[in-house]
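All remarks here apply to the structure that follows.
Bear in mind these aren't lab numbers, they're just calculated from the coordinates by the rules spelled out. Because the structure is predicted, anything quoted here is derived from the model rather than measured. Note that each Cβ is placed from the backbone with ideal geometry, even for glycine, and that neighbours are counted across all protein chains shown.
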Ligand code: CTP
């Protein structure tokens, strides 16, 4: 197991873990790798987030770790948890704890405990395994709920019958794991899931916690299957009671799935915003604003949706009425709108011209850059002020329309303009 963990961590992180073990040894704290990281070791999948549980004071261990390794440390005293953000990784260090829930969906009451108790408070058996890192038998697997067997048999099983009642976010987590790993819920877990749906348990969690899970689903490598499952089960009603998941929404999601691979800079696209747009843009503006308020959607995302909605019809009309629009005109028309909104438009229009022009904008035109800067123009003798902006804008049009494709071309264009001005 030690070799597998070391291989998984790579040389850099492995030595970070060694430092943490040294500190824990000094403090005589037993420490363990837990949760998704252990699951992913056994599944041989990458996972950059390391979860460590300490039988002792996790926060003091995290503080000493941060002193040695650097990184940004965030501490939640109330839950005994600390997160250390390193350049490419996150290390969560928490004190082993047990949890009790005062009512369904409440934040848990936390008490310090042992690793065994800590594993008992978790969601699914596959996430309830640990690897001991120090003490008598280091690098052995602790698997009190047979998570390894469930992993092998591709099964999602909760640890006890109250799991979805205690923490209804587990329903959304369950969908995420079910679709990510292509696992099935066990018979008993399926029954409990069904009961929790019938009892409307997701209503017991705060909108922010719901939205956080929605976000995680949208950020999956393949978000289309879990988002589709959310829709089939009827979970979009927690976004707004008027949202259903019919053929129209399914087609929109399918089209989004088709459009995304055509884009150059896919990582720039805010997937939660894209799916949210697809779900709420058809609703009246007041409802959109209420939803954004309820989920504390950032101001710029709200503006993106509202502005897109206001310009949607006119944008589609212009694109469908003009056969041979120059690329610069397409750029000027579409660049004020958020990319997420444009993808949403492509997913619902039938007119191929509209779709092609938007895809052209998203995949090529939006990436077009000019090489000369305002300072370069001034150095060439153009007077500071409006003229600089005008020429930069002309240069951009020339680039967009393919008449210039190099810095030399840009320089020649500017010199030519200068001659004409003089
Ligand atoms: N956990 C839980 N119930 C929750 C959230 C988390 O039991 N509602 C436990 C699980 O043991 C989980 C661990 O905390 O494995 C870490 O949580 P998180 O980082 O959210 O999930 P991962 O399992 O690591 O999933 P992912 O791969 O999506 O990061």
Subject >> Mean separation of Cα contacts under 8 Å (6+ apart) over length of the chain, as relative contact order % >> reply: 9 percent
Subject >> Sequence of 259, 244 once ranked by neighbouring C-beta atoms within 10 Å, starting from the fewest >> reply: 244, 259
Original post:
Dividing the Cα convex hull volume of segment 103-193 by residue count, how many Å³ per residue is that?
Top reply: 104 Å³
Original post:
Direction-averaged shadow area of the convex hull around the Cα atoms of segment 154-245, nm²?
Top reply: 5.5 nm²
**OP:** Hey, for a label at residue 367 modelled as a point 7 Å past Cα toward Cβ, could you say which residues of segment 249-269 have their backbone N under 15 Å away?
**Re:** 260-269
Original post:
Could you give the distance between the Cα centres of segment 139-154 and segment 197-251, to the whole Å?
Top reply: 29 Å
Subject >> Distance between modelled label sites at residue 220 and residue 88, nm, 7 Å Cα→Cβ extension >> reply: 2.6 nm
Subject >> Gyration tensor verdict on segment 159-213 (Cα atoms; rounded if a/c is under 1.5, prolate if a/b is larger than b/c, oblate otherwise) >> reply: oblate
Original post:
Could you give the Stokes-Einstein D for segment 34-93 in µm² per second, using the C-alpha Kirkwood radius, 25 °C, 0.890 mPa s?
Top reply: 205 µm²/s
**OP:** Treat each spin label as a single point 7 Å out from the Cα along the C-beta direction, and report the residue 240 to residue 390 distance in nm.
**Re:** 4.5 nm
Original post:
Which ordering of 403, 302 is given by a fewest-first count of other beta-carbon atoms within 10 Å?
Top reply: 403, 302
**OP:** Please work out the Cα center distance from segment 255-319 to segment 88-134, rounded to the nearest Å.
**Re:** 37 Å
Subject >> Unit Cα scatterers, Debye sum, segment 374-421: log10 I(q)/I(0) for q = 0.20, 0.22, 0.28 Å⁻¹ >> reply: -0.61, -0.73, -1.14
Subject >> Per-residue [θ]222 nm for the chain (sum of -39500 (n - 2.57) over DSSP H runs n ≥ 4, rounded to 500) >> reply: -17000 deg cm²/dmol
**OP:** Would you order 354, 388 from fewest to most other beta-carbon atoms within 10 Å of each residue's own beta-carbon?
**Re:** 388, 354
**OP:** May I ask you to compute the full-extension gain from residue 76 to residue 187, defined as 0.36 nm times their residue separation minus their alpha-carbon distance, rounded to one decimal in nm?
**Re:** 36.3 nm
Subject >> Cα principal axis extents for segment 2-152, largest first, Å >> reply: 42, 37, 30
**OP:** May I ask for the percentage of alpha-carbon pairs in segment 279-367 that lie more than 23 Å from each other?
**Re:** 24 percent
Subject >> Global form of segment 340-422, assessed from the alpha-carbon gyration tensor, a/c cut-off 1.5 >> reply: prolate
**OP:** Over all directions, average the projected area of the Cα convex hull of the chain and note it in nm².
**Re:** 25.7 nm²
